[in-house]
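Asker: Before anything else, here's the structure in question.
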Amino acid sequence: MRRVVSTAVLFAATFGVAFAGLRAGAGSLPAAAQQKPDATEVKIDNFSFGPAELKVPVGTTVTWTNHDDIPHTAVSTDKTFKSKVLDTDEKFSFTFSKPGTYEYFCSIHPKMTGRVVVQ
Amino acid sequence: MSVNPFDLKTVVLAKHAQHVVLIHFPIALFMVAVAFDFLAQWAKNRSLAAAAYFNLLLAAGFTVPVVATGLAAWQWALEGQKLKGILLMHLVLGCISAVVIWVVFLIHLRARRHPGNSLPTYRLSLEAVAVLLVGVTAHLGGFLSGVNGPG
């Protein structure tokens, strides 16, 4: 009986160490491998563009999705792109074919601003 | 592209800032006018009735620039694109509210021009409906403007 108990304790300890090692191993993965690259998506939520600044290579298509209950737009200050009014869950996409910095805002709520840096 | 609503340049040049500023005047004037009119009816007080009339006069007057700036905002900020959802509801209810405010004002004006005519009692029902309309329109406008949003 004593042997059975000690075997069980040893097994549990081994399992615990292995599990802890797995977690530690996961934590040591490179940051790039952990973060899902989702750089072409801009979420409109709570009256803000997220991320506020996006860096993308030339030729990238950026998609804005309105997750707010309020309609929004995405309009570049130099009129390079201009979405229609986006209701909840509606999307707008634009492909950036030239490098540069594109400042944009919501024409209904001009306090909402963002930037796409095309490299 | 930061916009400060208390900056004069912003107020004058921002494409829909004027509507957001002006809209508060007819709302307040009309609500107060209706309150005075109900009180005047209840208390049989001519001073309150006169106060109601002049508030209504100003409220009706203010609807003109408010509707104009609202339509201008639609044309400038959204380039006149086809509206839907909350924006469309706000536009339609706003126009109806403006018309009803004018109807209420004209009822008062008519009674005032012909001292023999007393104000019809049905105006109170119309005023109550108008207050509701204005309230819903204002609520939608506040929702759209993001006054509850961050910053």
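Asker: Could you give the angle, 0 to 90 degrees to the nearest 10, between helix B:85-113's Cα long axis and the longest principal axis of the Cα atoms of chain B?
Answerer: On a 0 to 90 degree scale, this one is about 30.
Asker: Related question: If I take R0 = 51 Å and measure r between the Cβ atoms of B:Ser47 and B:Leu71 in this structure, what FRET efficiency does the formula 1/(1 + (r/R0)^6) give, to the nearest 0.05? Display every interim value, and only then the final one.
Answerer: Details: r = 37 Å, r/R0 = 0.73.
The formula returns an efficiency of 0.85 here.
Asker: Right, something else. Going toward the positive end of the dipole of region B:20-145, with +1 on Lys and Arg Cβ and -1 on Asp and Glu Cβ, which of B:Leu124, B:Leu71, B:Met89 do you reach last?
Answerer: B:Leu124
Asker: What percent does the relative contact order of region B:20-145 come to when contacts are Cα pairs within less than 8 Å and at least six residues apart? Present the calculation step by step, with values, prior to reporting the outcome.
Answerer: Details: 104 pairs, mean separation 36.2, N = 126.
Across region B:20-145, relative contact order equals 29 percent.
Asker: Can I ask one more? Which number do you get for Rg(Cα) / (2.2 N^0.38 Å) in region A:41-118? Mind showing how you got there, number by number?
Answerer: Working: Rg = 11.2 Å, N = 78, 2.2 N^0.38 = 11.5 Å.
So the Cα radius of gyration is 0.97 times the expected 2.2 N^0.38 Å.
Asker: What is the P(r) of chain B, as percent of Cα-Cα pairs per 10 Å bin from 0?
Answerer: Percent of Cα pairs in each bin: 11, 38, 29, 16, 6, 0.
Asker: On average, how many beta carbons from a partner chain sit within 10 Å of the beta carbon of a residue in B:79-90? Please list the in-between numbers first.
Answerer: Details: counts 5, 0, 4, 2, 2, 4, 6, 6, 5, 2, 0, 0.
Mean shielding count: 3.
Asker: Where does helix B:46-77 land angle-wise versus the long Cα axis of chain B, in degrees 0 to 90, nearest 10?
Answerer: With rounding to tens, the tilt is 20 degrees.
Asker: Take chain B, mark every one of the trypsin sites (Lys or Arg not before Pro) that falls in a DSSP loop and has at most 13 other Cβ within 10 Å, then report the longest stretch left between them, sites excluded.
Answerer: Numbers: sites that count: B:Lys44, B:Lys82, B:Lys84.
Longest stretch, sites excluded: B:85-151.
Asker: How large is the charge dipole for region B:20-145, taken about the Cα centre, if only the Cβ atoms of Lys, Arg (+1) and Asp, Glu (-1) carry charge, to the nearest 20 debye? Walk me through the numbers on the way to the answer.
Answerer: Numbers: 8 positive and 3 negative charges, 71 e Å.
It comes to approximately 340 debye.
Asker: How far is it, in nm, from the label point at B:Val147 to the one at A:Thr101 when both lie 7 Å from their Cα along the line to the Cβ?
Answerer: Those two pseudo-labels are separated by 3.5 nm.
Laboratory data are not the source of any read-out in this text; all were calculated from the coordinates shown. Values in this document were obtained by computation on a predicted structure and should not be read as measured data. Every residue, glycine among them, receives a Cβ derived from its backbone with ideal geometry; neighbour counts consider all protein chains shown.
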